[in-house]
Amino acid sequence: MSNASRREFLRRVGALGLLRAVAPLGLQLAGIGAASAANAPEDYRALVCLFMMGANDAHNTIVPYDQASYDTYATARTSIALPRETLLPIHPINNIGGRELALHPALMPLHNLFERRQAAILANVGPLLVPIKDAATFKNTSIARPPKLFSHNDQQAIWQAFSPEGAKLGWGGRLADLLSARNGKHMFTAISTSGNAVFLASDKTIQYQISNSGAIGFNRSTANQLFGSAKGAEALRAQIAMAGDDLLQKEYAGVVNRSIDAHGLVSAALARLPETDPRLALPADLAQQLRIVARMIGVRDDENIQQRRQVFFVSLGGFDTHDHQLGKQAELLSSVASSIAYFQQSMENLGIARNVTLFTASDFGRALLSNGDGSDHGWGGHHFIVGSAVQGGNIYGQFPDVALNTTTDIGNGRLLPTTAVDQYAATLARWMGVSNADLPLVLPNIGNFSQRDLGFMAAI
Amino acid sequence: MRATLAALILSLAGLAACSTLSPGTPPDKWSYPLEARRLPRPSSTAATPHPTAADASRVLQQTTFGPRPDEIDALARSDFNSWLSAQFETRQTLFLNDIEPEHLKLEKGKNLNQELFFRTFWKHAATAPDQLRQRMAFALSEIFVISFEGMLDVKIRGVASYWDMLGRNAFGDFRTLLDEVSRHPMMGIYLSHLKNQKEDPAKGRVPDENFAREVMQLFSIGLYELNIDGTLKLRDGKPIETYDNEDITGLAKVFTGFSYGGPGLTDPHFHNQGLEPRWDILPMKGYPKFHSANQKSFLGTIIKPQAISDPEGDLKNAIDRLFNHPNVGPFFGKQLIQRLVTSNPSPAYVKRVALAFNDNGVGVRGDMQAVIRAVLLDPEARQSNSDNSGKLREPVLRLSQWMRAFNARSASGDFLIGNTDNPGFSLGQSPLRSPTVFNFYRPGYVPPGTAMARANQVAPEMQIVSESSVAGYANFIQTTIEAGVGRAEGGKRDVQADYSTQLPLADSPEISVDALDLLLTGKRLSVASRTRIVDAVTAISLPANKPANAEAAKRNRVRLAALLIMVSPDYLVQK
């Protein structure tokens, strides 16, 4: 069975409920998900997850700015406090308890977006199983909490898939399962520019891993002669995709088949959106990932692609600033901010900025206390949501008191999150068109939190 | 000052080259030892039966950077246990011998380039006689991970020293390995415990927890308590965590006060690398002034408050505690199996390896030679055809295998191969360039939404396989087979294979393909695949009356067959 027909087969048996015995969740998704898909708005929607690998230090990303709050911050942070005069003050629409806030000096392009109301901030968000009232409850009771707090690989997986390393279902993948029914080419529903992302993992949707330059083809598989053999290319095509009964061989061959399918479709589609398209000027590093995302969005209506709902994953590493934090984080945040601004500009140029929302995520926030020239692992952190459908220029969630021994300090200034990743995801999933009733399919614990819509997205 | 430094460097160079030192004697007490610790070991290890040629090839695929035709022949006439013993005795090839002279030539303020490390790696992967040791160093570099990606980007000599340290301890004992990993200044930079200072409440400073966490999670005991066979211990149906954050903050205090090695003990020696020219290759040492004297509790061990802080004693305590944790055997043993033999070992196999870790037969724990024998001589490693056994070959090992199979030579002698990171047009992997301390792939990685996931099988190496990388690799190996690899000088790439062993067989496509099948896969090609390759090769005709053209055609036959094997899942999954 060809790959395309195997996918079609799986879709049909899924819809008929024949997979009940082996994949109950798949059945639920196929059955109930149709409701989400049917009720979803007709227009295009895309979600882009920008993951800051290694745990971005949120305490130095958004910093208290009024003199009293800043002084408390600086006293706690000591050697890694940012000088107040370098900070970029923001002017949120809402009142943060009379406090003023500012962004890290390297975030100027993001600062502009916030002030233009194209970007919002979600404060102190992190993995939770249930709301935890305060740090004392966390310390003194056995209230449920996520496993393996403070561990990079596990918290990355929990942010993306609500379960530690080894997780098999990411919420981006579940969204893709629910919403892909209207997509012409199922394989482009979930796209990663940054390796195998558990965020996009699911039973039904297999993420397509694209390179920054587009799809890579098997160069010699259509050559007339290979090493002088007229049968060489034909044999090459057979050899790369052959597999016996061995699971691992089949898995590898499966990737090869997807690669061949995708290359044919993507190359032709992207050729119709030239490299030199002035709407997508050539950027650097992280922005190169966002550029191929922008290009794929640019060809969303191409006959080879045909997408209504897409979920993307891009990432940047290096945020584990146990040492040399001041220099390292500035460099990284500068890249994040300029890449996001580039992407938003590209979306505006393509006339699609209301239909595409980028959000940031990271392993966890970091402790407030300095270890000399860096900071250690924490829990809650602050994040950005960017796009023209974002109710920007505002702070959502509860911005914490940045000090030691507060009600959100579980030790050394590690923040107890006051908003769950589930709520963050639910707000985005609703915007993508997931019905309120279907939210638990994407976010199994959402029922534990009363507020499902944090309000940072415009109404559908 | 400069004269003193020069004298020191000269004396060091002299000592390093000196062969009259007794084994195991370092140049001075500040250096790493020259050899691994010697352990009591069982006196004799019985010879195993002669392997078939296919088995010999499989053994060499698991234990080296790739079999060479003559090695398969030699091993088929000998036996595996004797081969292992001979490898254990083979003198270590030191990366520092290649890199130290370049380092000493540097002008002040200049740095070496990573390419020097890669060249050294490929040269020794292709040619070093101590193949098992080098292969083990590579495997250990994927467990005790440091990476050029990040703060080590120009620390070429230091990383070479780290590699040599892994290779030295590969045949030694695990406790020394863990100790030397913990003290290596490259690890100290990578996981930031170098210059980590004790807590200071007045300044609001706490110890850096990075190394304390990862040494437990990744290098010794892992997250959950394990049975001897590597399965999870359960309490009320749930896994039992080996440590919590209190253990981490306790252990973090142990890893304070360690900084640059060498004789100097003053505060400036703690803070400034410039004061010790060999800082990057000397083990870190404890500086009591910067080491926490407070109580340290971790994993049930309590170190009482100290009047004078004792960094060296505390480190010994901590390494002993970790080394003696019952998780280490199954945790480390299973990962070593995955790196060399198979992604999904049975619990019984893990148990046999863990038992060898716990006791080498004469009561010694952590004997690496006993662990290696247990991993490689196990029936599960030696069975040639169990379904769903084996592992995906890592990209780096595919290229090294091509080099060794076809007698690749470097025209410059230096193997001018640089960074091979890019998955779109290179290997998608360079040695010692993992993106994070979690390696290129995790031991528990499961490709989502696949039959493997439903069968509860892991496939670590699949984590770096993508729609881009599968095509990128196929194109890369095709151009390598066609035109060689490495920087081109005068229009010709530096590293060229000669195919000399295979050319005489190319008259007969069947014999030629069978020889390549033996060499590259250990006779794992499917019938359909073999038939297809023979057909494609036969389509290259050998002109009868033009000897030069016939030679070229034979070469093409060998190269086409090699390509058609090396891109196939039959080959890519090492069985």
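Quick notes
- Flag if B:GLY491 is modelled with pLDDT under 95 and within 22 Å of A:ARG220 (Cα to Cα): yes
- A:VAL386 vs. criteria within 25 Å of A:ASN94 (Cβ to Cβ), away from every other protein chain (no Cβ under 14 Å) and touching a Phe, Trp or Tyr at 6+ places or on another chain (Cβ under 8 Å): yes
- B:THR120 within 14 Å of B:ILE99 (Cβ to Cβ), polar (S, T, N, Q) and at pLDDT 95 or above: yes
- Residues in the range A:361-396 that are in contact with a Gly (Cβ under 7 Å, 6 or more places away or on another chain), at pLDDT 95 or above and under 27 Å from B:ASN210 (Cα atoms): A:SER362, A:ASP363, A:PHE364, A:GLY365, A:ARG366, A:ALA367, A:LEU368, A:GLY378, A:TRP379, A:GLY380, A:GLY381.
- Those residues of the range A:304-338 which are without any contact (Cβ under 8 Å) to a residue 60 or more places away in the chain and either more than 22 Å from A:PRO83 (Cβ to Cβ) or under 17 Å from the mean Cα position of the chain (by Cα) (or both), in sequence order: A:SER335
- Selection over the range A:375-395 of residues that are surrounded by fewer than 24 Cβ atoms within 10 Å (Cβ to Cβ) and more than 18 Å from the chain's Cα centre (by Cα) gives a count of 5.
- Residue among A:ARG295, A:ARG279, A:ARG237 that alone is in a helix (DSSP H, G or I), out of contact with any Pro (no Cβ under 9 Å at 6 or more places or on another chain) and within 14 Å of chain B (Cβ to nearest Cβ): A:ARG237
- Qualifying residue in the range B:549-557 (condition: within 7 Å of chain A (Cβ to nearest Cβ) and assigned to a helix (DSSP H, G or I)): yes
- The set of residues from the range B:24-76 being at pLDDT below 95 and on the phi > 0 side of the Ramachandran plot comprises just one member, B:GLY24.
- Set side by side, the residues B:PHE440, B:PHE357 differ, and just one is of a type in the set (A, V, I, L, M, F, W, C) and closer than 29 Å to B:LYS123 by Cβ, which is B:PHE440.
- For the range B:361-476, no helices (runs of 4 or more DSSP H) sit wholly inside it while including 1 or more residues that are facing another protein chain (nearest Cβ under 8 Å) and in contact (Cβ under 8 Å) with a residue 12 or more places away in the chain.
- Residues satisfying the stated conditions in the range B:495-537, i.e. hydrophobic (A, V, I, L, M, F, W, C), touching a Lys or Arg at 6+ places or on another chain (Cβ under 8 Å), within 13 Å of chain A (Cβ to nearest Cβ) and part of a helix (DSSP H, G or I): B:VAL513, B:ALA536, B:VAL537
- Among residues of the range A:174-193, those that are of a type in the set (Gly, Ala, Ser), over 11 Å from the mean Cα position of the chain (by Cα) and either at the interface with chain B (Cβ under 9 Å from one of its Cβ atoms) or in a loop (DSSP other than H, G, I, E, B) (or both), counted: 1
- Selection of helices (runs of 4 or more DSSP H) fully inside the range B:140-225 by the criterion of at least 3 residues being of a type in the set (Gly, Ala, Ser) returns B:156-170.
- Residue in the range B:536-559 that is within 31 Å of the chain's Cα centre (by Cα) and hydrophobic (A, V, I, L, M, F, W, C) present: yes
- Within the range A:202-214, the only residue that satisfies the criterion of being among the hydrophobic types (A, V, I, L, M, F, W, C) and at pLDDT 95 or above is A:ILE210.
- For A:LEU454, the requirement of being in contact with a Pro (Cβ under 9 Å, 6 or more places away or on another chain), under 23 Å from A:GLY98 (Cβ atoms) and aliphatic (A, V, I, L, M) is not met.
- Restricting B:LYS296, B:LYS304 to those that are free of Cβ contacts under 8 Å to residues at least 60 places away in the same chain, crowded, with 20+ Cβ neighbours inside 10 Å and of a type in the set (Lys, Arg) reduces the list to B:LYS296.
- Taking the numbered list (1) surrounded by fewer than 24 Cβ atoms within 10 Å (Cβ to Cβ); (2) in contact with a helix residue (DSSP H, G or I) (Cβ under 6 Å, 6 or more places away or on another chain); (3) at negative phi; (4) not in a helix (DSSP H, G or I) in turn, B:ILE540 passes all entries but (1).
- Single residue of B:GLY204, B:GLY172, B:GLY222 found to be surrounded by fewer than 22 Cβ atoms within 10 Å (Cβ to Cβ) and at positive phi: B:GLY204
- The listed residue being farther than 23 Å from A:MET457 by Cα and in contact with a strand residue (DSSP E or B) (Cβ under 6 Å, 6 or more places away or on another chain), out of A:LEU333, A:LEU270: A:LEU270
- Subset of the range A:194-204 (residues that are over 20 Å from B:PHE425 (Cβ atoms) and either more than 7 Å from chain B (Cβ to nearest Cβ) or not in a loop (DSSP other than H, G, I, E, B) (or both)): A:ALA197, A:VAL198, A:PHE199, A:LEU200
- Candidate set from the range B:559-575 (those that are facing another protein chain (nearest Cβ under 7 Å) and not in a helix (DSSP H, G or I)); member that is surrounded by the most Cβ atoms within 10 Å (Cβ to Cβ): B:SER568
- Of the criteria (1) more than 7 Å from chain A (Cβ to nearest Cβ); (2) within 28 Å of B:PHE65 (Cα to Cα), which one B:ALA544 fails: (2)
- Of everything listed in (1) facing chain B (nearest Cβ under 10 Å); (2) out of contact with any strand residue (DSSP E or B) (no Cβ under 7 Å at 6 or more places or on another chain); (3) not basic (Lys, Arg), the single unmet condition for A:GLN345 is (1).
- Scope the range A:208-234; condition under 13 Å from B:GLN478 (Cβ atoms), more than 7 Å from chain B (Cβ to nearest Cβ) and either surrounded by 18 or more Cβ atoms within 10 Å (Cβ to Cβ) or in contact (Cβ under 8 Å) with a residue 24 or more places away in the chain (or both); matching residues: A:SER221, A:ALA233
- Residue within the range A:137-144 that is within 14 Å of another protein chain (Cβ to nearest Cβ), in contact (Cβ under 8 Å) with a residue 12 or more places away in the chain and within 30 Å of A:GLN306 (Cα to Cα) present: no
- When restricted to residues that are crowded, with 24+ Cβ neighbours inside 10 Å and among the aliphatic types (A, V, I, L, M), the range B:460-473 contains 3.
- Checking each residue in the range A:83-95 for being in contact with a strand residue (DSSP E or B) (Cβ under 6 Å, 6 or more places away or on another chain) and aliphatic (A, V, I, L, M) picks out A:LEU87, A:LEU88, A:ILE90.
The values are calculated or read from the model by the stated rules, or taken from the named source; none is laboratory data. These figures come from a predicted structure and were not determined experimentally. Reconstructed Cβ throughout: ideal geometry from the backbone, glycine too, with neighbour counts over all protein chains shown.
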